Amino acid sequence: MVVHLNAIGPVSLVIIGVVAILIFGPKKLPELGKAMGSTLREFKNATKGLADDDDDKKNKATVIEHKDNENNQAK
């Protein structure tokens, strides 16, 4: 079963919003949204750092291999 983003229409979003208000209350929803946003921001920054670390390791490995190849050819 494939679910497309288009399957969630405006009526579904309204129903989800009403259920969220009933469960959490109108005073808690802005706090939850703010917490969710900061959590996603921290996650994005952390994963960006991991991706940058991987790129740095690949570049260093390439430089080391290149230097090793030059040294072996010089002998």
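Annotation: extensible slack from Leu22 through Ala7 equals 3.0 nm (criterion: 0.36 nm per residue apart, minus Cα-Cα distance).
The phi torsions of region 44-50, fed into the Karplus equation with coefficients 6.51, -1.76 and 1.60 and a -60° offset, translate into couplings of 4, 5, 5, 6, 5, x, 5 Hz, rounded to whole numbers, with Gly and Pro shown as x.
Bear in mind these aren't lab numbers, they're just calculated from the coordinates by the rules spelled out. Everything numeric here is computed off the predicted structure, so don't read it as measured data.
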